[in-house]
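K.L.:
Below is the structure I would like to discuss, written out as structure tokens.
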Amino acid sequence: MNSLHWISAVFSPTGGTAALAKAITGGQGQVVDLSVPAPVTPVADNAVLLAAAPVFGGRIPAVALERLAALSGSGPAVAVAVYGNRAYEDALLELSDALTAGGFQVVAAAAFVAQHSIAPTIAQGRPDQADLEAAAAFGRAVLDKLALPNPAPVSVPGNKPYKDWKGVPFHPAAGESCISCGLCASRCPVGAIPAGSPKETGPERCITCMRCVSLCPRGARAIPAPALQATTAMLTEKAGVPRQPDYFL
């Protein structure tokens, strides 16, 4: 396949997934930001579509899959799931299946670790330099595979039906230091924060992606302390040992 170039479709509320996607592609090619509605886009056969998304409860966020579905093509694709060091369960299979449903040929996949978005003491500081170097090496290996005649599709772990995931039962809330600047409302991927009342959070829309917490200039948004403490304790027990990337080539 000649003149291959990358197109990255990335859902990255707090930045970890985006950093890994950039490392995989070497910062090359077009980036489609799935945190906003994506226009219907055909992907040329000489492009390699990298679909990268975080893992929420062993699944890919539904909004990321809905926006990824706006991209269609028949060329090669790479599925990358990024998880907070606990487990990625059915997420990589779900993402791979979504790409296949869009007509793409999934020729490679990987699961990487990033700092947990809700409990940042879990996998703190990741992706670190070693993770980014591993991601870059994975990207080069993908292109090497695609230089071969008839690169074979890959199989990835996971189960069907996918794990049942009803979301996190708690959501970020604004504290007294909120100045209603509206940055969180303008950047929320699902419109869960009213523009005219940014101290509020709509629980029926919020997916607890933590973007509002990560970008608030006043540090005014946070998970309620009891929920954060319980989540951190659970993850410290289940996800305390650092995990390394998994590759499927």
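K.L.:
Taking H placed 1.01 Å from N in the peptide plane, check which residues at least 5 places from residue 73 or on another chain put their amide H under 5 Å from its amide H.
P.N.:
The answer is 43, 104.
K.L.:
Across all directions of projection, what mean area in square nanometres is found for the Cα convex hull of the chain?
P.N.:
13.1
K.L.:
Another question, if that's okay. Nearest 5 is fine: what % of DSSP beta bridges in the chain come out antiparallel, could you say?
P.N.:
Around 20 percent of the beta bridges assigned by DSSP in the chain are antiparallel ones.
K.L.:
Still on this structure, please answer the following. Just the number: Rg to Rh for the range 1-111, Cα atoms, Kirkwood Rh, two decimals.
P.N.:
0.93
K.L.:
Going through the range 33-134, which trypsin sites (Lys or Arg not before Pro) have at most 13 other Cβ atoms within 10 Å and a DSSP loop state?
P.N.:
Counting only loop positions with at most 13 other Cβ atoms within 10 Å, none of the trypsin sites (Lys or Arg not before Pro) in the range 33-134 qualifies.
K.L.:
Same structure, new question: Summing +1 for each Lys or Arg and -1 for each Asp or Glu, what net charge is found among the other residues whose Cβ lies under 13 Å from the Cβ of residue 199?
P.N.:
Combined, the nearby Lys, Arg, Asp and Glu give 0.
K.L.:
Continuing with this model, one more query. Residue 35: accessible area at probe 1.4 Å, nearest 10 Å²?
P.N.:
For residue 35, the solvent-accessible surface is approximately 10 Å².
K.L.:
Quick one: Debye curve from the C-alpha atoms of the range 44-169, no solvent, what's log10 I(q)/I(0) at q = 0.10, 0.16, 0.18 Å⁻¹?
P.N.:
-0.32, -0.81, -1.00
K.L.:
Then there's this: If you count only protein heavy atoms with a 1.4 Å probe, what accessible area per residue comes out for the range 130-243, rounded to a whole Å²?
P.N.:
Result: 59 Å² per residue.
K.L.:
Based on the inverse mean of 1/r over its pairs of different Cα atoms, what is the Kirkwood hydrodynamic radius of the range 128-235, in Å?
P.N.:
Hydrodynamic radius (Kirkwood, Cα only) of the range 128-235 equals 17.4 Å.
K.L.:
Quick check: net charge around residue 57, other residues with Cβ under 12 Å of its Cβ, Lys/Arg +1 and Asp/Glu -1?
P.N.:
0
K.L.:
Pairing rule first: another cysteine's C-beta must sit under 4.7 Å. Under that rule, which cysteines of the chain stay single?
P.N.:
That list is 178, 181, 188, 206, 209, 216.
K.L.:
Sort out for me the Cα centre separation of the range 99-141 from the range 62-84, rounded to whole Å.
P.N.:
If you average the Cα positions of each part, the centres end up 13 Å apart.
K.L.:
Short version: ³J(HN,Hα) in whole Hz for each residue of the range 97-114, in order, from phi by Karplus 6.51 cos²θ - 1.76 cosθ + 1.60 (θ = phi - 60°), x for Gly and Pro, what are they?
P.N.:
Each residue of the range 97-114 in turn: 5, 5, 5, 4, 5, x, x, 7, 9, 7, 9, 6, 7, 7, 10, 10, 9, 9 Hz.
K.L.:
Order of 172-181, 104-113 by packing, highest average Cβ count within 10 Å first?
P.N.:
Taking the mean over residues of other Cβ atoms within 10 Å, the ranking is 104-113, 172-181.
K.L.:
First compute the accessible area of the chain with a 1.4 Å probe, then give the percent of it belonging to carbon and sulfur atoms.
P.N.:
Within the chain, the accessible surface is 56 percent carbon and sulfur.
K.L.:
Tell me the label-point distance for the pair residue 238, residue 147, using the 7 Å Cα-to-Cβ offset, in nm and rounded to one decimal.
P.N.:
It works out to 4.2 nm between the two label points.
K.L.:
Right, next: Which one of 196, 239, 171 has its Cα pushed farthest toward the positive end of the charge dipole of the chain, where Lys and Arg give +1 and Asp and Glu give -1 at the Cβ?
P.N.:
196
K.L.:
With charges set only on the Cβ (+1 for Lys and Arg, -1 for Asp and Glu), what does the dipole of the chain come to about its Cα centre, in debye to the nearest 20?
P.N.:
Charge dipole, the chain, about its Cα centre: 360 debye, nearest 20.
The values are calculated or read from the model by the stated rules, or taken from the named source; none is laboratory data. Since this is a predicted model, take the numbers as computed values, not measurements. Note that each Cβ is placed from the backbone with ideal geometry, even for glycine, and that neighbours are counted across all protein chains shown. Areas reflect the complete protein model, heavy atoms only, side chains present, ligands, DNA and RNA absent. Shrake-Rupley method; radii C 1.70, N 1.55, O 1.52, S 1.80 Å.
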